[in-house]
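Report on the structure given below.
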Amino acid sequence: MITLNSYTTVKRRERVPHDLFAQYWRDVHGPLCARLPGLGHYVQYHFDREQDAHLWPLAEGIREIPDYELDGMVEIGFADEAHQRTFQAASPVLFSDEQNMFAETLAYDLPHGSHAFKNTLADEQHNGPDQLDRLQLHLHPRDSLEDLNTYLLSQLGPWLATQAAVLKVRVHPCVPFVNDGQHPPSPDVAHRADAIRAALSMVEIVFASPLERRRFFASEAFRSTLPEQARHVACIKAFAVSGVYTYVHAGQLTTAGLRGSRAAELIERLGAVNQTQDEVVHLLRHGALPENDAPSSASTPR
């Protein structure tokens, strides 16, 4: 069970091409992070900056967060504080790798966890491009972050869960980001938020397709929620998710965590079940077959 988790936004280095960034994050940085001790949950969400221009309607009085572009976000979780401390003690080897592709990372704490109001998808261990229409909404409050979180948890999140067009909705009620310098020691990676970005909470919402999303936005039911949105939200930025990659689930390495995301995707597509057998996993984790599976000297080919 995950009791401590965070939502971290990431922005790639401008001179690193997006394809190279995405491959490195998936297949080099991801498995490195996944193998650190203590980690209970680790999922990468990759964003598409160019999907379309109608990701979320702005109610009158709400504006888009200015000059705000991201390339993804990460969910990281721990079973308890002891596991989190174990991870933190081992994390310098991870943070020294961030400079290779990240220009900025901001980790938002979720002291009460994320709240799943609806999930009709079997996506807990998804690894690969996202074939659905998945959004991550970042919302800045009209008044206080506490008021916004109350609205998201008691009104907007539950209401979205009742709508047939919505396949999944989760709320990430963050606490304010503090620019205190007490952030991962990643060389040449920024960890500072402006006033708007220091006070954000997030919502994940999934539709079957962009067409279903646009039809939902045009509905009278959704349009009737816009005035109430404006009473609690000052700014919004919506991000389109292009892929979801799960490396650690329920405290266990997934195939992506063990082998890298693209290798795991190939294994899944080809149905290579032998690649997931215990002796193969043991070989890859320890560099040797289990002792009872190792060939005897008499049968070793000469």
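Rule-based calculations on the coordinates, nothing more; no lab input. The shown structure was predicted, so the numbers you read here are calculated from the model rather than taken from an experiment. Cβ placement follows ideal geometry from the backbone for every residue including glycine, while neighbour counts extend to all protein chains displayed.
Odds and ends about this structure:
- Counting only residues at least eight positions apart within a chain, or on another chain, the lysines with an alpha carbon under 19 Å from that of Lys118 are Lys168.
- Going by neighbour counts of Cβ atoms within 10 Å, the residues Phe217, Phe239 line up, fewest first, as Phe217, Phe239.
- Put simply, the convex hull of the Cα atoms in region 48-126 casts, on average, a shadow of 8.8 nm².
- Annotation: lysines with alpha-carbon distance below 24 angstrom to Lys11 (same-chain offsets under eight excluded): Lys237.
- In region 4-271, the DSSP beta bridges split such that about 95 percent are antiparallel, to the nearest 5.
- Ordering of 84-92, 20-28 by packing [mean C-beta count within 10 Å, highest first]: 20-28, 84-92
- For the peptides 248-258, 44-54, the ranking by packing is 248-258, 44-54, with the highest mean count of neighbouring Cβ atoms within 10 Å listed first.
- The chain, relative contact order [Cα under 8 Å, separation at least 6], %: 29
- Dipole moment magnitude, nearest 20 debye, the chain about Cα centre, only Lys, Arg, Asp, Glu C-beta charged: 300
- Diffusion coefficient (Stokes-Einstein, Kirkwood radius over C-alpha pairs, 37 °C, 0.692 mPa s) for the chain: 159 µm²/s, rounded to a whole number.
- Mean residue ellipticity (222 nm) of the chain, computed from DSSP H runs ≥ 4 via -39,500 (n - 2.57), nearest 500: -6500 deg cm²/dmol
- Pair-distance profile P(r), taking every C-alpha pair of region 248-288, with 10 angstrom steps and integer %: 30, 59, 12
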